[in-house]
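In what follows, a structure is listed as structure tokens, so that the remarks can point back to it.
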Amino acid sequence: MSQVTEYSEKVMDHFMNPRNVGEIEGAAGIGTVGNAKCGDIMRMYLDIDDDMVVREARFKTFGCGAAIATSSMATELVKGKTVADALKVTNKAVMEALDGLPPVKVHCSLLAEEAIHAALWDYATKNNIEIEGLQPPVNDIDETEEFYKM
Ligand code: FES
């Protein structure tokens with residue numbers, strides 16, 4: 001991906017008109033993550049059916065524009081996917097779908113990835129199932145940020 005210095009049209013669109021904002025009552029999985037450095041917080045709600053397919057995804061983000069745009073796109077990307085495929089929705093995939101983010105905003109996309117993982121972890125724990133490759137969630141993505149730098 002080429003270096004992006006401004007927000008793409010897609011980022012602006014998802015920031016101004018975020019998709020799937022809100023909560024899901026009785027969600028199969030709920031995940032909350034934060035970034036202690038900037039203080040932003042994201043909560044992801046997933047509705048998952050008996051075939052382990054994500055039927056609905058909603059989010060609430062108390063954070064910057066890039067965090068809102070990435071949560072919006074992340075919910076769009078996980079909808080209709082199996083939990084195994086939802087786990088593969090990385091921050092890179094979210095950024096690509098948004099036509100990139102400025103380098104200083106890359107860390108914001110980690111919130112979305114980690115919030116999905118945390119919600120899947122919640123779902124797996126509640127249902128006593130194992131999702132291959134799923135790691136316990138981190139509460140503060142600042143701890144992992146160094147590993148994700150692009
Ligand atoms: Fe905190 Fe964007 S500045 S998530």
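Read the figures in this text as sums done on the coordinates, not as results from a lab. Everything numeric here is computed off the predicted structure, so don't read it as measured data. Here Cβ is always computed from backbone atoms with ideal geometry, including for glycine, and neighbour counts include all displayed protein chains.
So between E6 and T82, what do we pick up on full extension, going 0.36 nm a residue minus the alpha carbon distance? Could you put the intermediate results ahead of the total?
On the way: separation 76, 0.36 × 76 = 27.36 nm, distance 3.32 nm.
Gain on stretching E6 to T82: 24.0 nm.
So between I129 and A93, what do we pick up on full extension, going 0.36 nm a residue minus the alpha carbon distance? Walk me through the intermediate numbers first.
Working: separation 36, 0.36 × 36 = 12.96 nm, distance 2.55 nm.
The span from I129 to A93 would gain 10.4 nm if fully extended.
For the cross-link pairs K92/K126; K88/K126; K37/K126; K10/K126, which exceed 25 Å when the distance is taken from alpha carbon to alpha carbon?
Result: K92/K126; K37/K126; K10/K126 exceed 25 Å.
If each DSSP helix of 4+ residues adds -39,500 (n - 2.57) and the sum is divided by the residues in the chain, what number results at 222 nm, nearest 500 deg cm²/dmol?
On the way: 6 runs with 59 residues, N = 150.
For the chain, the value works out to -11500 deg cm²/dmol.
Say a site is exposed when it is one of the GluC sites (Glu not before Pro), sits in a DSSP loop, and has at most 10 other Cβ atoms within 10 Å; what is then the longest site-free stretch of the chain?
Values: sites that count: E6, E25, E130, E132.
That gives 26-129 as the longest site-free run.
If we count every other residue with Cβ under 14 angstrom of V11's Cβ, Lys/Arg +1 and Asp/Glu -1, where does the sum land?
Details: positive: K10, R19, K105; negative: E6, E9, D13, E76, E96, D99.
That sum, taken over residues with Cβ under 14 Å, equals -3.
For the range 1-69 and the range 92-134, compute the distance between their C-alpha centroids and round to whole Å.
Here the two parts' Cα centres lie 9 Å apart.
What does the charge add up to near M52, with Lys and Arg as +1, Asp and Glu as -1, over the other residues with Cβ less than 15 Å from its Cβ?
Net of charged neighbours comes to -4.
GNM on the chain, C-alpha springs below 10 Å: top fluctuator among R55, R43, R19?
Checking each option, the largest mean-square fluctuation is seen for R55.
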